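Here the structure comes first, spelled out in structure tokens, and everything after it is commentary.
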């Protein structure tokens with residue numbers, strides 16, 4: 001399922017881009033639905049920066065009665081991104097630890113210069129591969145996949161928007 005969103009951040013593009021790319025560990029403190037992020041790898045090649053970040057979601061986002069049933073690996077994912085400052089673009093892919101083979105998530109964020117502001121365009125795709133879901137009959141997985149995609153995208157879009165809000169708050173607090 002494809003998705004897109006557009007946000008405006010009232011700060012210069014170079015600062016917004018660099019904050020998203022380089023200050024993620026600090027920005028996460030402004031994201032209540034994330035308990036942490038660790039940069040596992042950073043490789044710089046001219047205008048390109050390749051990052052691998054491991055995220056951990058906050059269990060507080062799960063309804064209290066369900067928390068004991070949710071395994072920690074269900075709340076972790078790996079984000080692989082290439083940041084291209086020459087094109088003001090980040091391409092990314094996400095792997096969910098619990099179902100790494102069964103889900104494909106990838107996209108691109110573009111940072112547009114709008115005078116004193118930055119417009120962030122986020123476009124992506126989230127796909128459930130029903131034939132790769134272990135332990136679930138294929139017909140059930142095929143039937144459930146579209147609903148699962150819609151559900152996850154309905155959670156993903158607000159989280160992406162929260163990341164832009166967190167960057168804005170971080171910049172506001174660290175002039």
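For the chain, set up a Gaussian network in which alpha carbons nearer than 10 Å are linked by springs, and say which option among 138, 18, 100 fluctuates the most.
Of 138, 18, 100, the Gaussian network model singles out 138 as fluctuating most.
If R₀ is 30 angstrom, what is the calculated FRET efficiency for the pair residue 100 and residue 157, using the beta carbon separation as r and rounding to 0.05?
Efficiency for this residue pair is about 0.85.
Looking only at segment 2-173, where both bridge partners belong to it, what percent of the DSSP beta bridges are antiparallel (to the nearest 5)?
So the antiparallel bridges amount to about 100 percent of the total.
What's the extension gain from residue 6 to residue 87 if we count 0.36 nm per residue and subtract their Cα-Cα distance?
27.4 nm
Taking 25 Å as R0, compute the FRET efficiency from the Cβ-Cβ separation of residue 136 and residue 38 and round it to 0.05.
The computed FRET efficiency comes out at 0.25.
Taking only Cα atoms, what is the 0 to 90° angle, nearest 10, from helix 13-22's long axis to the longest principal axis of the chain?
50 degrees
If you average the alpha carbon positions of segment 114-148 and of segment 1-29, how far apart do those two centres end up, in angstrom?
Value for the Cα centre distance between the two parts: 21 Å.
Could you work out the relative contact order of the chain, using alpha carbon pairs under 8 angstrom and six or more residues apart, expressed as a whole percent?
With pairs under 8 Å counted, the relative contact order is 27 percent.
Would you mind computing, in nm to one decimal, how far apart the modelled labels at residue 29 and residue 173 are, each placed 7 Å from Cα along Cα→Cβ?
Placing both labels 7 Å along Cα→Cβ, they lie 0.6 nm apart.
Could you tell me how many degrees, from 0 to 90 and to the nearest 10, lie between the Cα long axis of helix 138-173 and the main elongation axis, the longest principal axis, of the Cα atoms of the chain?
So the inclination is approximately 20 degrees.
Would you please report the Å³ per residue occupied by the convex hull of the alpha carbon atoms in the chain?
Expressed per residue, the convex hull around the Cα atoms of the chain is 118 Å³.
Pull out the extension gain between residue 15 and residue 80, defined as 0.36 nm times the separation in residues minus the alpha carbon to alpha carbon distance; nm, one decimal.
So the extension gain works out to 21.3 nm.
Each reported figure results from applying straightforward, stated rules to the coordinates on display, with no laboratory input. Everything numeric here is computed off the predicted structure, so don't read it as measured data. All Cβ positions, even for glycine, are placed from backbone atoms using ideal geometry, and neighbour counts span all protein chains on display.
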